[in-house]
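These notes concern the structure reproduced below.
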Amino acid sequence: MTAVEILYRYTTPPTEPAISALASVRSVYGIRSLKLNSATRTLRIEFDSTRLNAATVASLIRATGLEFTEVLAAVFTQAPVA
């Protein structure tokens, strides 16, 4: 498994419906975590790149109604082989 962590900057604070929709994105197979930081207006998403790709994740986020302006960082980490 290769975990990817992407940091998005959003424009306006998420609405209550957008937060509820983000909670449902968390249940998508391959999404590992979602973290909103209202102070920096960022959303950090960790996902399994063997299940999803960055374009699919961006599409899932846009579908919630949360608008983001830029991707600030993407980090790839390889899980240790047992």
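The values are calculated or read from the model by the stated rules, or taken from the named source; none is laboratory data. The model shown is predicted, which means the values in this text are computed figures rather than measured ones. In this analysis, Cβ positions are derived from the backbone assuming ideal geometry, glycine residues included, and neighbour counts consider all displayed protein chains.
What pairs can you find where one residue is in the range 48-59 and closer than 15 Å to residue 2 by Cα, the other is among the charged types (D, E, K, R) and surrounded by 13 or more Cβ atoms within 10 Å (Cβ to Cβ), and their Cβ atoms are less than 8 Å apart, with a gap of 6+ or different chains?
Note: pairs meeting the criteria are 48/32.
Yes or no, residue by residue, for (1) hydroxyl-bearing (Ser, Thr, Tyr); (2) outside any strand (DSSP E or B); (3) loosely packed, with under 12 Cβ neighbours inside 10 Å; (4) modelled with pLDDT of 90 or more:
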residue: 18; (1), (2), (3), (4): no, yes, no, yes
residue: 23; (1), (2), (3), (4): no, yes, yes, yes
residue: 28; (1), (2), (3), (4): no, yes, no, yes
residue: 39; (1), (2), (3), (4): no, yes, yes, yes
residue: 62; (1), (2), (3), (4): no, yes, yes, yes
residue: 76; (1), (2), (3), (4): no, no, yes, no
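Just name the residue that is nearest to residue 51 (Cα to Cα) out of those in the range 1-20 that are of a type in the set (Ser, Thr, Tyr) and touching a residue at least 40 places away in the same chain (Cβ under 8 Å).
The first filter runs over the range 1-20 and keeps only residues of a type in the set (Ser, Thr, Tyr), leaving 2, 8, 10-12, 15, 20.
Narrowing further to those that are touching a residue at least 40 places away in the same chain (Cβ under 8 Å): 2, 8, 10-12, 15.
Values: 2: 9, 8: 20, 10: 24, 11: 28, 12: 29, 15: 28 Å.
Filtering first and then ranking leaves 2.
Out of curiosity, is residue 66 more than 22 Å from residue 11 (Cα to Cα) and either surrounded by 12 or more Cβ atoms within 10 Å (Cβ to Cβ) or touching a helix residue (DSSP H, G or I) at 6+ places or on another chain (Cβ under 9 Å) (or both)? Let's see the steps before the verdict.
Details: more than 22 Å from residue 11 (Cα to Cα): no; either surrounded by 12 or more Cβ atoms within 10 Å (Cβ to Cβ) or touching a helix residue (DSSP H, G or I) at 6+ places or on another chain (Cβ under 9 Å) (or both): yes.
Spelling it out, it is not the case that residue 66 is more than 22 Å from residue 11 (Cα to Cα) and either surrounded by 12 or more Cβ atoms within 10 Å (Cβ to Cβ) or touching a helix residue (DSSP H, G or I) at 6+ places or on another chain (Cβ under 9 Å) (or both).
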